[in-house]
Amino acid sequence: MNATELLESVRADNETALSRLGSSKSLYAATGGEMEADAVLRAAADAEYAAARTFDQWADTEGDEGARDAFETTASEEDDHYETVVGKLGDYDAGDDLGAMQSYLRGLDSTPARAGGLLGRLLATEKSKEQLTGFFVGQADPQTAQLFRELKGDLDDQRERALSLLDSVCNSDDDWDEAKDAADGAIQAAYDEYTEQLEAMGVNPKPVC
């Protein structure tokens, strides 16, 4: 296997979860039903902050130099994303709630698993950035919509970084299996949380046909 094949496999095996994470209900779940601009920005800021702290933690405990550099770079990008979003809020400090996906990622300790987790988190986050952009388009706020388009653009670099890292650190079938399990696990953690949040509000997480 190689990283491109892994990416295709993860996308295919998680097609339903990723599709639903990319629905308008994902913002409704993340904000607890508060579909106001400030609530959406706070949820986005919290997600960026939690991700940055996860990658900081990985970098601090990573023995592989290439992986450590990748995690440090990604943490710096997520810090920049956090500061950018907070700039739209004014005075705001992110909370301590990690969310299910970041909690899952922080439990990964091997380099192949972390590389896979990085990819899985990226695929889920791409979906949320699309919804954030769409929300602010609908709010007739083109500047904030463009901000999230630009943040989503940074994810292209993260994808290439994750794929390069996977090809570098996965040297056996067991490594690839570990990376695949971690990528699937990250997406599933995000999807399970999304489902639980909606069900707690009495909302059907499945699309109505």
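The values are calculated or read from the model by the stated rules, or taken from the named source; none is laboratory data. On a predicted model such as this, the values are computed, not experimentally measured, just so you know. Every residue, glycine as well, gets a Cβ built from its backbone with ideal geometry; the counts of neighbours run over all protein chains shown.
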Residues within region 25-60 that are of a type in the set (V, I, T) and modelled with pLDDT under 95, tallied: 2
Conditions (1) surrounded by fewer than 16 Cβ atoms within 10 Å (Cβ to Cβ); (2) part of a helix (DSSP H, G or I); (3) not β-branched (V, I, T); number of the one not met by A115: (1)
Candidates A145, A140, filtered to the one that is outside any helix (DSSP H, G or I), surrounded by fewer than 21 Cβ atoms within 10 Å (Cβ to Cβ) and either in contact with a strand residue (DSSP E or B) (Cβ under 6 Å, 6 or more places away or on another chain) or aliphatic (A, V, I, L, M) (or both): A140
Any hit, region 170-182, residues being touching a residue at least 60 places away in the same chain (Cβ under 8 Å), crowded, with 19+ Cβ neighbours inside 10 Å and of a type in the set (D, E): yes
Candidate set: region 1-38, residues that are under 17 Å from A189 (Cα atoms) and hydroxyl-bearing (S, T, Y); chosen: the one surrounded by the fewest Cβ atoms within 10 Å (Cβ to Cβ): T16
Search result, residues across region 118-137 that are crowded, with 20+ Cβ neighbours inside 10 Å and either outside any helix (DSSP H, G or I) or among the hydroxyl-bearing types (S, T, Y) (or both): T125, S128
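Kindly indicate which of A51, A39, A67, A47 is in contact with a Leu (Cβ under 8 Å, 6 or more places away or on another chain) and either touching a residue at least 60 places away in the same chain (Cβ under 8 Å) or of a type outside the set (D, E) (or both).
Exactly one of A51, A39, A67, A47 is in contact with a Leu (Cβ under 8 Å, 6 or more places away or on another chain) and either touching a residue at least 60 places away in the same chain (Cβ under 8 Å) or of a type outside the set (D, E) (or both), namely A67.
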